[in-house]
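Q: Please see the structure below; I have some questions.
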Amino acid sequence: MGLNIAQKIIKEHLLSGTMVPGEEIGLRIDQTLTQDATGTMAYLEFEAMNIPRVRTELSVAYIDHNMLQSGFENADDHRYIQSAAHKYGLRFSRPGNGICHQVHLERFGIPGKTLIGSDSHTPTGGGIGMLAIGAGGLDVAVAMGGGAYYITMPRVLRVDLTGRLRDFVTAKDIILEVLRQIGVKGGVGYILEYTGEGVKTLSVPERATITNMGAETGATTSVFPSDGVTEQFLTAQGRGEVYRPLAADADAVYDGEIEIDLDSLEPLIACPHSPGNVVTVRSLAGKKVDQVCVGSCTNSSLYDMLKVAALLKGRVIADNVSMSVSPGSKQVLSMLTECGAFTDILSAGARVLECGCGPCIGMGFSPNSGGVSLRTFNRNFEGRSGTKDAQVYLVSPETAVAAALTGCITDPRDIGFDRMPQTKLPETFSINDTGIIMPLDEDAAKDAAVMRGPNIKPYPDSYPQDDDLRAELILKVGDNISTDHIMPAGARVLPFRSNVPKISQFCFTAVDETFPERAKAAGRSIIAGAYNYGQGSSREHAALAPLYLGVRAVIAKSLARIHAANLINAGIMPLTFADPEDYEKLEQGDMLSISGIFAGMETGEMILKDETKGTEIKLSCSFTERQKAILKAGGLLEYTKNGQN
């Protein structure tokens with residue numbers, strides 16, 4: 001029986017475990033990346049391990065999330081990350097050099113390699129045939145130190161693409177169709193592997209758009225073959241020597257399959273407040289639009305920007321629309337300028353923002369109150385834009401431009417073009433790596449100082465798991481609670497990403513403004529959630545802030561993969577209801593207790609006593625031997641410091 005692409009890469013990197021779906025495996029990691037919203041904690045964790053030098057083939061520290069530097073906090077964090085990178089052997093991508101996933105795809109990604117990043121959209125690298133996985137910062141720190149990365153062996157879902165996209169229908173519409181078919185939970189436990197004749201028609205930037213937003217299905221990652229299209233892209237980037245072909249065996253077996261006919265696909269749009277709430281653009285035609293944003297790690301490539309410029313050329317955006325364009329990298333911006341496309345964008349009335357994440361995480365360009373914003377981004381969770389009552393829709397660059405020109409939601413096939421203006425990727429990209437700073441050599445690094453500002457605080461204290469837990473149910477929340485709900489981003493919060501005591505004051509305030517104060521006063525507490533608790537970003541602050549506030553367990557109907565791992569890494573137990581209906585029996589404020597936790601970890605069952613109501617509820621858990629040891633040690637950092645991995 002042959003292997004698919006995902007299985008081939010896993011087999012080459014397998015350090016422990018067996019490739020049986022549901023079993024824990026340990027992988028050798030070739031590359032890591034961090035960004036500034038998560039990187040500061042990752043490097044504080046790495047330093048705590050007392051390892052003098054990163055042990056990966058390549059590790060890169062990017063600054064792309066919070067570049068406003070409106071106070072000393074951001075500048076201090078950037079200086080800290082740069083000095084840590086210098087000392088410990090990482091490359092450092094300067095502020096303004098670009099979004100981590102776009103730059104990594106251009107300059108560092110290699111087919112067949114493993115990459116983990118402290119950002120949930122690290123699967124972008126699957127667009128060139130990498131096994132690229134989003135992870136918590138502590139997992140990345142361990143990998144930088146040479147440790148294995150542990151995940152549950154995923155199943156592999158085949159996504160078969162047939163036909164060819166028609167004009168004005170895009171890669172963004174492909175991934176929106178995937179979301180329409182399987183939803184925001186349908187990828188949990190799977191790798192999405194793209195196959196079929198339609199794959200050959202897609203460029204690397206188009207493939208990367210699809211793998212990037214595959215994270216919204218809950219999938220472990222997504223991957224495309226490495227083929228002639230991949231080789232052409234790498235050669236144009238001056239990196240043709242790293243190319244290797246990678247394809248599934250003819251007799252490869254998959255754990256499921258969906259099919260998408262590209263010939264029949266039409267422009268799609270994800271409605272508020274979920275990437276899975278997908279309908280056709282024409283079904284919403286005429287709805288007034290206030291704002292349009294083009295960019296993010298999903299759609300900020302040169303290919304995307306050239307298409308936007310071609311559609312805007314000689315036209316002016318509607319009077320009622322404010323439009324921003326954020327190129328994904330310095331390379332993209334430079335090449336737009338060289339070919340004149342940059343002028344076409346500016347002349348149409350768009351604002352060009354810095355090469356970074358910006359509006360995608362609420363860092364500027366927030367919509368007006370109650371505003372309708374069409375964005376080429378990957379997430380539209382409530383309040384993520386920085387405006388709580390905004391209505392954010394997710395679209396392709398072509399649909400975004402159509403709305404900008406007409407002032408309302410418009411199918412891009414209806415804006416007066418007979419054909420989509422032809423756009424081709426260059427045979428050679430402009431290569432300028434001055435935005436990447438190389439680390440010191442090992443001898444010089446020994447005496448180098450790591451520079452800390454006053455806002456940088458140590459990793460919070462963790463607590464070894466006791467056999468018994470008695471605590472108040474401090475918060476009860478519903479379905480699809482995202483890490484944006486738990487630990488918001490945005491200009492008000494991100495400056496404190498290296499200060500857990502301070503950032504914890506914002507924890508869950510999007511849901512309950514009293515939560516931080518109540519949780520701190522309770523001392524120990526439990527949170528209850530419904531389905532898909534912790535979806536979204538990989539930010540480990542969504543586990544570290546609850547840890548600091550005294551949360552000892554989260555009980556939900558189901559939990560998102562990365563967040564569940566981050567909870568364990570922080571020493572917080574993620575548990576599930578054996579019967580999801582029992583969620584309804586709990587009320588916020590109930591006093592709860594669990595006895596015999598260690599025995600329950602072995603059997604996979606625990607009994608939750610609701611002391612307030614005098615009732616009992618059966619809970620389920622599925623911890624590996626390693627995860628049990630991590631919880632008993634008080635988290636992954638203590639576990640690793642004790643010489644285990």
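Computed from the coordinates by the stated procedures, all read-outs in this text should not be read as laboratory data. Every value quoted in this text rests on a predicted model; they were computed, and no experiment measured them. Here the Cβ positions follow ideal geometry from the backbone for every residue, glycine too, while neighbour counts run over all protein chains shown.
Q: Using alpha-carbon pairs under 8 Å, 6+ residues apart, how would you state the relative contact order of the range 469-641 in percent?
A: Relative contact order comes out at 22 percent.
Q: What residue among LEU192, THR615, ASN569 has its Cα farthest toward the positive end of the dipole of the chain, where the charges are +1 on Lys, Arg and -1 on Asp, Glu, each on the Cβ?
A: Comparing the listed Cα positions along the dipole, ASN569 ranks first.
Q: What length, rounded to one decimal in nm, is gained on full extension from THR18 through to SER369, with 0.36 nm per residue of separation minus their alpha-carbon distance?
A: 121.1 nm
Q: While we're on this one: Roughly what % of DSSP beta bridges within the range 268-414 run antiparallel, to the nearest 5?
A: Values: 5 of 18 bridges.
Around 30 percent of the beta bridges assigned by DSSP in the range 268-414 are antiparallel ones.
Q: What is the order of HIS101, HIS273, HIS485, HIS121, fewest Cβ neighbours within 10 Å to most?
A: Exposure proxy ranking, most exposed first: HIS273, HIS485, HIS121, HIS101.
Q: While we're looking at this one, here's another question. Scan the chain and hand back the longest stretch that contains none of the GluC sites (Glu not before Pro) lying in DSSP loops with at most 15 other Cβ atoms within 10 Å.
A: 58-426
Q: Then there's this: Over the range 268-414, what is the mean sequence separation of C-alpha contacts under 8 Å (at least six apart), divided by residue count, expressed as relative contact order in percent?
A: The value is 35 percent.
Q: Under a Cβ-Cβ cut-off of 14 Å, what is the net charge of the residues other than MET144 that fall near it, where Lys and Arg count +1 and Asp and Glu count -1? List each step's numbers first, then the result.
A: On the way: positive: ARG28, ARG53, ARG55, LYS87, ARG91; negative: ASP30, GLU45, GLU47, GLU57, ASP139.
Every neighbour counted, the sum reads 0.
Q: A follow-up question, please. How large is the dipole of the chain about the Cα centre if only Lys and Arg carry +1 and Asp and Glu carry -1, each at its Cβ, rounded to the nearest 20 debye?
A: Result for the chain is approximately 1040 debye, rounded to the nearest 20.
Q: Continuing with the same structure: Kindly flag which residue pairs out of LYS113/LYS172; LYS200/LYS424; LYS520/LYS613; LYS609/LYS632; LYS457/LYS557 have an alpha-carbon separation exceeding 27 Å in this structure.
A: Over 27 Å apart, Cα to Cα: LYS457/LYS557.
Q: Pairs of alpha-carbon atoms within less than 8 angstrom and 6+ residues apart define the contacts here; what relative contact order does the chain have, in percent?
A: Across the chain, relative contact order equals 14 percent.
Q: Before rounding to the nearest 500, sum -39500 (n - 2.57) across all DSSP H runs of length at least 4 in the chain and divide by the residue total; then give [θ] at 222 nm in deg cm²/dmol. Could the numbers behind the result be given before it?
A: Numbers: 21 runs with 184 residues, N = 645.
Helix-only estimate at 222 nm: -8000 deg cm²/dmol.
Q: Here's a follow-up. Just to be sure I understand, if you calculate Cα extents along the principal axes in Å for this structure, which of (i) 69, 58, 58; (ii) 123, 51, 39; (iii) 93, 65, 59 do you get?
A: Correct label is (i).
Q: Please list, by residue number, every one of the trypsin sites (Lys or Arg not before Pro) in the range 568-645 that is coil in DSSP and has at most 14 other beta-carbon atoms within 10 Å.
A: For trypsin sites (Lys or Arg not before Pro) across the range 568-645 that sit outside H, G, I, E and B with at most 14 neighbouring Cβ atoms in 10 Å, the list reads LYS613.
Q: Could you point to the residue in LEU405, ILE361, SER334 farthest towards the positive end of the range 268-414's charge dipole, with +1 and -1 charges on the Cβ of Lys/Arg and Asp/Glu respectively?
A: ILE361
Q: Quick one: what does P(r) look like for the range 101-231 with 10 Å bins over all Cα pairs, in whole %?
A: All Cα pairs, binned at 10 Å, distribute as 13, 46, 32, 7, 1 percent.
Q: I would also like to ask the following. What whole-number distance in Å separates the alpha-carbon centres of the range 59-96 and the range 600-640?
A: 37
Q: Summarise the long-distance tail of P(r) for the range 1-118 by giving the % of C-alpha pairs beyond 25 Å.
A: Numbers: 2285 of 6903 pairs.
Of all Cα-Cα distances in the range 1-118, 33 percent exceed 25 Å.
Q: I would also like to ask the following. What net charge do the residues around GLY364 carry, taking every other residue with its C-beta under 14 Å from that of GLY364, with Lys and Arg at +1 and Asp and Glu at -1?
A: +2
Q: Same structure, new question: Write down the percent of antiparallel bridges among all DSSP beta bridges whose residues are both part of the range 5-264, to the nearest 5.
A: In the range 5-264, DSSP labels about 20 percent of beta bridges as antiparallel.
Q: How are the alpha carbon pair distances in the range 268-414 distributed across 5 Å bins from zero to the largest one, expressed in percent?
A: With 5 Å bins starting at 0, P(r) equals 2, 11, 22, 25, 21, 12, 5, 1.
Q: Lys and Arg at +1, Asp and Glu at -1: add these up for the other residues within a Cβ distance under 12 Å of MET153 and post the number.
A: Residues near MET153 contribute -1 overall.
Q: Among SER83, SER326, SER593, SER369, which comes first, then next, by fewest other beta-carbon atoms within 10 Å?
A: SER369, SER593, SER83, SER326
Q: ALA445 versus GLU266, label points 7 Å from Cα toward the beta carbon: distance in nm?
A: It is 5.6 nm.
Q: Right, another one. Using Cβ contacts closer than 10 Å as the measure, can you line up HIS541, HIS86, HIS65 from fewest to most?
A: Ranking HIS541, HIS86, HIS65 by Cβ neighbours within 10 Å, fewest first, gives HIS86, HIS65, HIS541.
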